[in-house]
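One structure is given below, encoded as structure tokens.
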Amino acid sequence: MYRLYCRAYQSMFKIISLVLPWRKPELLEGENSLRKLPKMIRDQEIRHVLIVTDQGIMSLGLMNELLVGLRDYGVNYVIYDKTVPNPTIENIEEALEMYHAHACDGLIAFGGGSPMDCAKAIGARVARPDKSLEQMRGVLKVKKEIPPLFAVPTTAGTGSEATVAAVISNSKTHEKYPINDSVLIPDVAVLDPLLTVKLPPSITAMTGMDALTHAVEAYIGRSNTTETIQCSKEAVKLIFEHLYEAYTNGTNITARSHMQKASYLAGVAFTRAYIGYVHAIAHTLGGFYSVPHGLANAIILPHVLEYYGSAVHKPLAELADLIELTNERDTEEQKAKKFIAAIQQLNADMNIPEKVSGIVDSDIPLMVERALKEANPLYPVPKILLRDDLVELFDKIKE
């Protein structure tokens, strides 16, 4: 009966999603495309922006050219650089004070998924000063337009430059949860591969596997559209063709560019088709132990796909065919297993472990509860899992 309720909820939400005001960000693509952003901001008559980033970005000097451009075009800016991995409520509220103190009228998110999540949440609080982040948790709780948001990803993984989601961490309860609303989709996304050249191999690997997880979970789910199917397939193909090259040869601009496009396409796919239990479990690990999100996804993905069993044989077989892992004599099950094995091999080639270390057995019941709360009934997964299933999955992924 519970599974029937979940499917009914998902079907209803899929119908509702058909009439939601979806949009895609305007794209600035290619080498040195960041140089076009200051003029675009000035032309929109935005006079004072809050730039949301982190200390790592500041130390690398990746924003220097942007800051010069903003000054040249007469756009004032103030920088919030205290964003932490898995941005906290404290981060967001602190940056919000800065936004208001400097009379900002726009936001630039510059960095990986964490600065983008932080900037989106700041925008939500600007739009809804009457609501706390906790009150906007879930789906369609913001409802009002946020300030203009310009997303500049420096990793190729989260796809946040294309998505409805901001993922927030409560440092007091160790809970990590999403705020989902179409108003959080950035207005502009800058896909400049030069910004990703200095990414360390480990970050390249983890963020790339994050993008793969987005594409795969969207593809195997039950809320696909013609567009999300195409975006997922293109992203999967690009990742298998270019991630390892970007990992081993970070200065390969072609590989970096293709990975940025793959991340964006996967973001477009999952913002409409949603994700699944891989993300629900990964979010709990991030909340409890600050496990990097991409690393958690990379480890969990093959375990969850194996656990789904026959429910995912057909779509995984299609993906295996897409990346040319199969021959005509293979059954769907054999093809699906080859695809899962390819994920495991890619992880191994990039030194990503098979298990998550540090999971405390006594934490598992609460993590299971939170993962189920996130996933059910919203995520249109190929197979509805219950408490005992997630307990078994946690047992499989823990070292």
Relative contact order, percent, of region 212-348 when contacts are C-alpha pairs under 8 Å separated by at least 6 residues?
25
Cα-based Rg (one decimal) and Dmax (whole number) for region 134-176, in Å?
12.7, 31
What nm value, rounded to one decimal, do you get for the distance between Lys143 and Arg7 when each label is placed 7 Å out toward the C-beta?
3.2
I'd like the FRET efficiency for Ile89 and Tyr289, computed as 1/(1 + (r/R0)^6) with the beta carbon distance as r and R0 of 25 Å, rounded to 0.05.
0.85
Using per-residue counts of other Cβ atoms within 10 Å, averaged over each peptide, order 183-193, 273-283, 31-41 from highest down.
273-283, 183-193, 31-41
For a bin width of 5 Å, list the pair-distance distribution of region 208-338 built from all Cα-Cα distances, rounded to whole %.
2, 12, 19, 21, 22, 15, 7, 2, 0, 0
Accessible solvent surface per residue of the chain, calculated while the other protein chains remain in place, 1.4 angstrom probe, Å²
40
Once both labels are modelled 7 Å past Cα along the beta-carbon direction, what's the Leu366-Arg387 spacing in nm?
1.6
P(r) over all Cα-Cα pairs of region 325-378, 10 Å bins from 0 to the longest distance, whole percent per bin, short to long, reads 19, 24, 34, 19, 3
In Å³ and rounded to a whole number, note down the convex hull volume per residue for the Cα atoms of the chain.
129
Looking at the chain, what % of its DSSP beta bridges pair antiparallel, to the nearest 5?
20
For the cross-link pairs Lys233/Lys373; Lys355/Lys383; Lys24/Lys141; Lys36/Lys237; Lys337/Lys383, which exceed 27 Å when the distance is taken from alpha carbon to alpha carbon?
Lys233/Lys373; Lys36/Lys237
If the elastic network links every pair of Cα atoms under 10 Å, which of Tyr73, Tyr307, Tyr264 fluctuates the most in the Gaussian network model of the chain?
Tyr73
With 0.36 nm assigned to each residue of separation and the Cα-Cα distance removed, Glu31 to Thr226 gains 67.2 nm
Amide H neighbours of Ile108 at under 5 Å, excluding residues fewer than 5 places away on the same chain, with H built from the backbone geometry, are Leu50, Ile51, Val52, Phe150
Given R₀ = 45 Å, FRET efficiency for Arg42-Thr331 by Cβ-Cβ distance, to 0.05?
0.15
At a 1.4 Å probe, what is the % contribution of carbon and sulfur to the accessible area of the chain?
52
Estimated FRET transfer efficiency (Asn249, Ser310; beta-carbon r; R0 22 Å; 0.05):
0.05
Whole-Å semi-axes of region 1-133's equivalent ellipsoid, largest first, each the root of 5 times a Cα gyration tensor eigenvalue?
32, 19, 16
Once you place label points 7 Å from the Cα toward the Cβ at Asn64 and Ser202, how far apart are they in nm?
2.6
Expressed to two decimals, region 193-282 has a Cα Rg over Rh, using the Kirkwood radius, of 1.00
Restricting to DSSP H runs of at least four residues, report the calculated mean residue ellipticity at 222 nm for the chain, -39500 (n - 2.57) per run over all residues, nearest 500 deg cm²/dmol.
-17000 deg cm²/dmol
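The values are calculated or read from the model by the stated rules, or taken from the named source; none is laboratory data. Given the structure is predicted, the values throughout are model-derived calculations rather than measurements. Every residue, glycine as well, gets a Cβ built from its backbone with ideal geometry; the counts of neighbours run over all protein chains shown. Heavy atoms of the whole protein, side chains included, go into the accessibility calculation; ligands, DNA and RNA do not. Shrake-Rupley method; radii C 1.70, N 1.55, O 1.52, S 1.80 Å.
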